[in-house]
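*Asks:* First the structure, which I've put down as structure tokens, then a few questions once you've had a look.
Values in this text are rule-based calculations from the coordinates and carry no lab data. Please read these numbers as outputs of a predicted model, since none were measured by experiment. Neighbour counts are summed over all protein chains in view; Cβ atoms, including those assigned to glycine, are modelled from backbone coordinates with ideal geometry.
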Amino acid sequence: MPFMVVKFDLQKRVRLAQGLWMLYWTSVLAGIVLFSLGIFFKIELRKRSEIMNNSESHLVPNLLILLSLVACGINAFGGKMCHDSLDPQKFTKMKPALKPFFALSCGLVALLLLQVLLCVLMQFSVYLTLAEGLQFALRFYKDTDTPGRCYMKRTLDMTQIEFRCCGNNNFRDWFELQWISNRYLDMSNDLVKDRVLSNVEGKYLMDSVPFSCCNPGSPRPCIQHHLTNNTAHYDYDHRTEELNIWTRGCREAVFSYYSSIMTSIGAIVIGVIILETADMAGLKYLSTALETMADPENPECESEGWLLEKGVKETLGDMIGKLKTLGRANQVEEGGDAPEATT
Amino acid sequence: MSVGKVNFTKAEREKLAELLWLLNWISVVTGAILLGMGLFLKVEIQTWQEVMSEQGVLFVPHMLITTGLAACGINFLGGKICLDCADTNKFLRWKLVMMPYVICTFFFTACILAGALMCYSIRSQLEESLFLGLRHSMRYYKDTDTPGRCYLKRTLDLLQIQFQCCGNTGYQDWFQVQWISSRYLDLRSMAVVDRLRNNVEGKFLMDSVPFSCCSPLSPRPCIQQQLSRPLAHFNFDQQSQHLNLWRKGCRQALLDHYTGIMQSISLIVLLIWLFELLVLTGVRYLQTAMENVIRLGDPESESEGWILENSLAETARSNFNIIKNLGKCYQVDNDPNINVPAVMAEQEIQSDQVQVQRMG
């Protein structure tokens, strides 16, 4: 008993073919959208790879680009098949290609599901890469004369300005490392010498932050230095002051940006999966409707279309049986060969 | 002697009508593009309107928006007219409208050209407006507690960060204004009081700049204070000074930004103007061809189309005469239908002249 049977007359078949052709070309557009999203995400990752220690994983955008190209190809071919299906001669030529095409489409849907899963799971990887990368970035902020790290200061300053954040977890991360290079410290000055000698590692630590942490929305001019010393500034309490510098950490800020991109990509891929499934269902209906025409010479005759030839359980049973026999094919041959070898 | 006379067969007239229908629809799209560009320019100007002293510059985007809307309307009507013009019967419906439509489109096309030229000429007015506006903004930078000016500090900071500029002409402009509010100055401190007494107007002036002037491209952490004394900072050489802050003035930066936008817009508007001129010429040819067909009486025959019936000089003269005679409609001329005896005619002429004098 076929699964979800629908009766088709000539007009219905033509309308189905036309509608399915439009749907396939919409899917090609969706594939192009996915391609541009993949390129966009890859560029965004590359732009900030310096604060991720150049070790970020490009798996998600690469897979997305590949799948979008495959989807465009499959959908374009599907559109062509729909266009040809109403011509009986072309349909008979195209019939043998249908089964492999369905298998390919199923494979594409499975890979798209994998893509959605990756979009969700790889966010953890991005978070960890960011945490580690930002730590290095802050440490190498002052090394503007070291080859390979000259632009770290610029990148980190622009990131803090653009994402409105300060430091890794928060602004106090700047207190724990030396972000002013020794080249700009007057080592003959007693104050400087005291400060350098006052900690174990001989670093020049201060309770101040770079200018890129400043919040332009603050009503008073930015206070960057002596942040924890209330008496150093008139009418200033560092515990209640919220608007002076950005309070959010850059890890959280940049991660939420990437997380929103990946979530939107995942949502759009789910939409594309639904579109592809609709395409496959439509094509199955169209092909079965054209195959079951009682009189192939008479286009006006009625026919039936279905999704599955047998019921769901039977089809699954058949597929499992086929998979089992695929494995047993060698066994039967060996049994047949053995007696021949002896004789 | 007509200007631009061309012969049209029936088939050519129909093809011309179809082509013009298509061109009119493309013009609707270009009209929408004009509208979009006007809106974009308006939004760009309004984003930074706090640092502009007057809003005269908004005239340009408003003109673009109205011209764009007019273009959409006129070309939509034109498309409808041209489609009907292929058939002589349908043309009769539009006969009376055609001439005013052509004149309207001619003036509208002139407006587009004016719009394009205006984009080039607005530069000096913009520069003046920016100079005064930025000076005003820098003066009120510190007034974050005054209603109406609370967000001036944030706007100016974001401007300096985004456009990579500092001050009006350069960073020294900040030395001449008090940009730290008195609320945050400890007026009991001798250093502060000294500095306030140091100048005539009692302003707290320093040789320092806000943080938004800092350049992230500098290899050393930003130096904002004591900028006129390089020796106050360790190893603050010429190179470091050059890279430390943004060198460009915000007036120049904004001027460049807006001039760039307006130049691209005016180029596109000029192209649209040329296209509209083409459409106008086609419509004029179609109008004259159809009118001549009706005059000849035979819809199947060939007809002539032209841009002007007589030469340019004659048309100008006849139009000038029409305008001159518009005011003379109350005079009784030598109308041949009135039977006036010769003697009475002379007296009549004298009384006419008297009438003219009275009215004059």
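*Asks:* Which length gain, in nm to one decimal place, applies between B:R183 and B:H62 when the Cα-Cα distance is subtracted from 0.36 nm times their residue separation? Before the final figure, lay out each step's value.
*Replies:* Working: separation 121, 0.36 × 121 = 43.56 nm, distance 4.20 nm.
So the extension gain works out to 39.4 nm.
*Asks:* Calculate the tail of P(r) for the range B:136-182: the fraction of all Cα-Cα distances greater than 17 Å, expressed in %.
*Replies:* Numbers: 311 of 1081 pairs.
That fraction is 29 percent.
*Asks:* Using a Gaussian network model of chain B with C-alpha springs under 10 Å, which one of B:Q241, B:Q160, B:Q49 is most mobile by mean-square fluctuation?
*Replies:* Evaluated over chain B, the most mobile residue of the options is B:Q241.
*Asks:* From the Cα trace of chain A, what convex hull volume per residue do you get, rounded to a whole Å³? Could you put the intermediate results ahead of the total?
*Replies:* Details: hull volume 88.5 nm³, N = 343.
Considering the Cα atoms of chain A, their hull volume per residue is 258 Å³.
*Asks:* On to the next question. Given B:N89, B:G38, B:F234, which one lies farthest toward the positive end of the charge dipole of the protein assembly as shown, if we put +1 on the Cβ of every Lys and Arg and -1 on the Cβ of every Asp and Glu?
*Replies:* Farthest along the dipole direction, towards plus: B:F234.
*Asks:* Test of understanding: ordering A:R251, B:R139 by Cβ neighbours within 10 Å, fewest first, what list do you get? Before the final figure, lay out the partial values.
*Replies:* Details: A:R251 23, B:R139 15.
Fewest to most other Cβ atoms nearby, the residues stand as B:R139, A:R251.
*Asks:* Another question about this same structure. What are the DSSP H helices in chain A that stretch 27 Å or more along their long axis, judged by alpha-carbon atoms, and whose average Kyte-Doolittle hydropathy comes to at least -0.5? Could the numbers behind the result be given before it?
*Replies:* Working: long enough: A:10-47 (55 Å, 0.74); A:59-85 (38 Å, 1.17); A:88-139 (71 Å, 1.04); A:250-291 (61 Å, 0.94); A:312-342 (46 Å, -0.59).
Sorted by number, the helices that extend far enough and score high enough are A:10-47, A:59-85, A:88-139, A:250-291.
*Asks:* Right, something else. Taking each pair of different alpha-carbon atoms in the range A:133-208 once, compute 1/r for the pair, average those values, and report the inverse of that mean as the Kirkwood hydrodynamic radius in Å to one decimal. Walk me through the numbers on the way to the answer.
*Replies:* On the way: mean 1/r = 0.0754 Å⁻¹.
Mean inverse Cα-Cα distance, inverted, gives 13.3 Å.
*Asks:* Assigning unit charges at the beta carbon (Lys, Arg +1; Asp, Glu -1) and nothing else, what dipole magnitude in debye, to the nearest 20, does the protein assembly as shown show about its Cα centre?
*Replies:* Details: 66 positive and 71 negative charges, 355 e Å.
Around 1700 debye, computed over the protein assembly as shown.
*Asks:* If you build the Cα gyration tensor of chain B and take the root of 5 times each eigenvalue, what three semi-axes come out, in whole angstrom, biggest first?
*Replies:* Values: eigenvalues 921, 170, 47 Å².
Over the Cα atoms of chain B, the ellipsoid semi-axes are 68, 29, 15 Å.
*Asks:* While we're on this one: Which three extents, in whole angstrom, do the alpha-carbon atoms of the protein assembly as shown cover along their principal axes, largest first?
*Replies:* For the protein assembly as shown, the Cα extents along the three principal axes come out at 125, 121, 40 Å.
*Asks:* Taking Cβ-Cβ under 4.7 Å as the only way to count a partner, pick out the unpartnered cysteines of chain A.
*Replies:* A:C72, A:C82, A:C106, A:C119, A:C150, A:C301
*Asks:* Using a Förster distance of 60 angstrom, determine the FRET efficiency expected from the C-beta separation of A:V192 and A:L326, and round it to 0.05.
*Replies:* Details: r = 77 Å, r/R0 = 1.28.
Efficiency, from the Cβ-Cβ distance: 0.20.
*Asks:* Among A:T240, A:T144, B:T30, what is the fewest-to-most ranking by other Cβ atoms within 10 Å? Please list the in-between numbers first.
*Replies:* Numbers: A:T240 6, A:T144 19, B:T30 22.
Fewest to most other Cβ atoms nearby, the residues stand as A:T240, A:T144, B:T30.
*Asks:* Per Stokes-Einstein, at 37 °C and 0.692 mPa s, what whole-number D in µm² s⁻¹ belongs to the range B:57-215, with the Kirkwood radius over Cα pairs as the hydrodynamic radius? Show your work: numbers first, answer last.
*Replies:* Numbers: Rh = 20.8 Å.
Roughly 158 µm²/s, to the nearest whole number.
*Asks:* So for the range A:180-247, what percent of the C-alpha to C-alpha distances run longer than 13 Å?
*Replies:* Details: 1577 of 2278 pairs.
The answer is 69 percent, as a whole percent.
*Asks:* Taking the Cα atoms of the range A:31-141, report the difference between the largest and smallest coordinate on each principal axis, in whole Å and largest first.
*Replies:* 71, 20, 14
*Asks:* For chain A, calculate the relative contact order in percent as a whole number, restricting contacts to Cα pairs under 8 Å that are 6 or more residues apart.
*Replies:* On the way: 408 pairs, mean separation 89.0, N = 343.
Relative contact order for chain A comes out at 26 percent.
*Asks:* For chain A, set up a GNM with springs between Cα atoms under 10 Å and report which of A:L111, A:L326, A:L191 has the largest fluctuation.
*Replies:* For chain A, modelled as a Gaussian network with Cα springs under 10 Å, the answer is A:L326.
*Asks:* B:V43 to A:M319: FRET efficiency via 1/(1 + (r/R0)^6), r the Cβ-Cβ distance, R0 41 Å, to the nearest 0.05? List each step's numbers first, then the result.
*Replies:* Values: r = 58 Å, r/R0 = 1.42.
Here the calculated transfer efficiency is 0.10.
*Asks:* At a Förster distance of 45 Å, what's the computed FRET efficiency of A:V312 paired with B:V29, Cβ-Cβ distance as r, to 0.05? Walk me through the numbers before you get to the answer.
*Replies:* Values: r = 51 Å, r/R0 = 1.14.
Result of the calculation: an efficiency of 0.30.
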